[in-house]
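Scroll down for the structure; my scribbles are underneath it.
Read the figures in this text as sums done on the coordinates, not as results from a lab. As the structure is a computational prediction, the values presented were derived from the model and not from experiment. Here the Cβ positions follow ideal geometry from the backbone for every residue, glycine too, while neighbour counts run over all protein chains shown.
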Ligand SMILES: Nc1ncnc2c1ncn2[C@@H]1O[C@H](COP(=O)(O)OP(=O)(O)OP(=O)(O)O)[C@@H](O)[C@H]1O
Ligand SMILES: [Mg+2]
């Protein structure tokens, strides 16, 4: 995308009505959150997207991790150069998001050259967050997934403000530190009235390739609530596990 997307929203909250309008046609929005980094949010988000697509839904992913935008890689399992087209005028344009394996991807990596960092402070990221949500063509999308960076900082707050009807899937790993941090994510969701759709324990265990025995990778710390999905260490995409989880836990809860 050649456009400088940070130029056209002048006032702080000026794009909120446009965002609401643009997203109002999408029936389901699900954000993937965690307390701690590296627990597998992006991986779970990518596998969710692929499972939902396989079930016949039209899926888009908003990569809200502007400093580590890697959802396209997680979907495709290789480096993808994302290029979006912007059509229209400076003040009223539409971004046509690229597709990766049939999934629309809206990401800051669309405006970055490969390997280049987005070195922006909060206010500029806030503008980009708004503009991507306000101007991306997401017509016909059934489910919008949002891949968040870890924690309860700016991007999570942006999400709660800009997509208040988003439901949340929380990912953690069974290690004391991650469990302590994920409690804060759960509190964040509760405080901001974001429904917790499901909880995923990732890196739940590994299986010995020689004897088949399962063993803990971390210290086995537990949350008070039982997770809806326990994902082991996997070499390949967890299609079966995620597919089953989506069919049995996610879809029925969306209909409530
Ligand atoms: N169940 C799994 N089995 C094997 N590898 C996994 C599993 N889940 C995630 N990974 C790997 O762990 C690494 C971290 O995963 P990922 O990037 O999804 O975490 P994240 O929570 O999105 O990180 P960040 O907080 O930096 O955004 C990646 O290399 C990913 O491929
Ligand atoms: Mg990530």
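Diffusion of the chain by Stokes-Einstein, at 25 °C in a medium of 0.890 mPa s and with Rh set to the Kirkwood radius over alpha-carbon pairs, works out to 131 µm²/s.
The value of relative contact order for region 166-240, using C-alpha pairs under 8 Å at least six residues apart, is 35 percent. Counting 0.36 nm for each residue step from residue 225 to residue 192 and taking away their Cα separation leaves a gain of 9.9 nm.
On C-alpha positions alone, give me the angle between the axis of helix 41-54 and the longest principal axis of the chain, in degrees, nearest 10. Relative to the chain, helix 41-54 is tipped by roughly 80 degrees. Per-residue Cβ neighbour counts within 10 Å put 239, 135, 57 in the sequence 239, 57, 135, beginning with the fewest. Take every pair of alpha-carbon atoms less than 8 Å apart whose residues are at least six positions apart; their mean separation over the length of region 16-254 yields a relative contact order of 27 percent.
Just to be sure I understand: of the beta bridges DSSP finds with both ends in the chain, what percent are antiparallel, rounded to 5? Intermediate values should be presented prior to the final figure.
Details: 8 of 34 bridges.
Restricted to the chain, the bridges split so that about 25 percent are antiparallel.
By how many nm would the segment from residue 207 to residue 116 lengthen if fully extended, with 0.36 nm per residue of separation less the alpha-carbon distance?
29.0 nm
Look at 43, 191, 94, 152 and count the other Cβ atoms within 10 Å of each Cβ; fewest to most, that gives 191, 94, 152, 43. Take every DSSP beta bridge whose two residues both sit in region 137-249; close to 20 percent of them are antiparallel. By other beta-carbon atoms within 10 Å, ranking 162, 110 with the fewest at the front produces 162, 110. Note on region 50-118: antiparallel DSSP beta bridges, both residues inside, total approximately 60 percent of the bridges counted. When the Cα centres of region 20-44 and region 159-186 are compared, how far apart do they sit, in Å? Computed from Cα coordinates, the inter-centre distance equals 10 Å. Entry note, the chain: the mean residue ellipticity at 222 nm calculated from DSSP H runs of n ≥ 4, each adding -39500 (n - 2.57), is -9000 deg cm²/dmol after division by the residues and rounding to the nearest 500.
When each of the peptides 95-101, 220-226 is scored by how many other beta carbons lie within 10 Å of its residues on average, the order from highest to lowest is 95-101, 220-226. With axes computed from alpha carbons, what is the tilt in degrees of helix 176-191 against the longest principal axis of the chain, rounded to the nearest 10 within 0 to 90? Its long axis makes an angle of about 50 degrees.
Between helix 122-135 and the chain, what is the angle of the helix's C-alpha long axis to the longest principal axis, kept within 0 to 90° and rounded to the nearest 10? Helix 122-135 sits at roughly 80 degrees to that axis.
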